[in-house]
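The values are calculated or read from the model by the stated rules, or taken from the named source; none is laboratory data. What you are looking at is a predicted structure, and each value in this text was computed from that prediction instead of being measured. Glycine gets a Cβ as well: all are built from the backbone with ideal geometry, and neighbour counts include every protein chain shown. Remember, those area values only see protein heavy atoms, side chains included, never the ligands or the DNA or RNA. Shrake-Rupley method; radii C 1.70, N 1.55, O 1.52, S 1.80 Å.
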Amino acid sequence: HKYTFPATESAHFLLDLIHGGDATADPAHPDAVPPATRWSVLKIVGNDTIEGGRCMDVWGKGREIYFSMKFSKPFDRASIYSDGKLVDAAHGEVRGTALRCVLDMKTHEGEVVYVKTGISGVGMDSAAANRQAEGPVGEFDGARQAAHHAWRHELGRVQVTSDDRKYLEIFYTG
């Protein structure tokens, strides 16, 4: 991810592990809508990395997803909130069902902050390993260009012809 900031003493990144889709009611119990998040976890690693995960009941009951996010610029402060209340994250992981994190930093005009994110369905360590396997933080343009060339190469292996432009659009974008 690539973010460009204005000059400010109070730039923020917000991470919300509460929202992630709409939970739907069980047809047998239409008035009882379950919470979408079964559990979530956040962990601050140093002053440039945040890791975590959650288990959701949206789009597949019990689906777990983990992440590891490394920032190209250290943050000045990381604040974790559980149920809207600030919690002490100094002891390691914070667990709950309604977690949010606010990362604060100072930025100068036009400053770019890169956030490299790895994900995994297995665990936070796997998400961190996936992130590290992709190369260093901040190589956004190079990675984007390499992905573009790889995609064009793969698409070039197939030749599709049609007088129907919509059909071609669906093929090449699907």
Checklist line | Residue-span extension gain [GLN132 to ALA90] - 0.36 nm each, minus C-alpha spacing | finding: 12.7 nm
Next item on the list: Choose one answer from GLU154, GLU109, GLU93: the residue with the largest mean-square fluctuation in a GNM of the chain with alpha-carbon springs under 10 Å.
Entry: GLU154
Note to self: Counting C-alpha atoms alone, how compact is the chain: give Rg to one decimal and Dmax as a whole number, in angstrom.
What the structure shows: 20.2, 63
Checklist line | Per residue accessible area of the chain, 1.4 Å probe, in Å² | finding: 65
Item checked: Probe 1.4 Å, all protein chains present, accessible-area order of PHE5, PHE171, largest first -> PHE171, PHE5
Margin query: What does the charge count around GLY84 come to, taking other residues whose C-beta lies under 13 Å from its C-beta (Lys +1, Arg +1, Asp -1, Glu -1)?
Written below: 0
Notebook entry, point to check: What figure in square angstrom, to the nearest 10, would you give for the accessible area of THR173 with a 1.4 Å probe?
Noted result: 110
Notebook entry, point to check: Of the cross-linked pairs LYS61/LYS85; LYS2/LYS85; LYS73/LYS116, which ones have a Cα-Cα span greater than 19 Å in the structure shown?
Noted result: LYS61/LYS85; LYS2/LYS85
Check: Quick one: length gained pulling ALA98 to THR8 fully straight, 0.36 nm per residue minus the C-alpha distance?
Finding: 29.5 nm
Check: Which value, in Å² rounded to 10, gives the accessible area of HIS148 with a 1.4 Å probe and all protein chains present?
Finding: 110
Checklist line | Candidates ASP141, ASP57, ASP104, ranked by Gaussian network fluctuation over the chain, Cα under 10 Å, top entry | finding: ASP141
Note to self: Could you sort ILE170, ILE65 by their accessible area in this structure, using a 1.4 Å probe and putting the largest first?
What the structure shows: ILE170, ILE65
Checklist line | Listed residues SER79, SER126 arranged by accessible area, highest first, probe 1.4 Å | finding: SER126, SER79
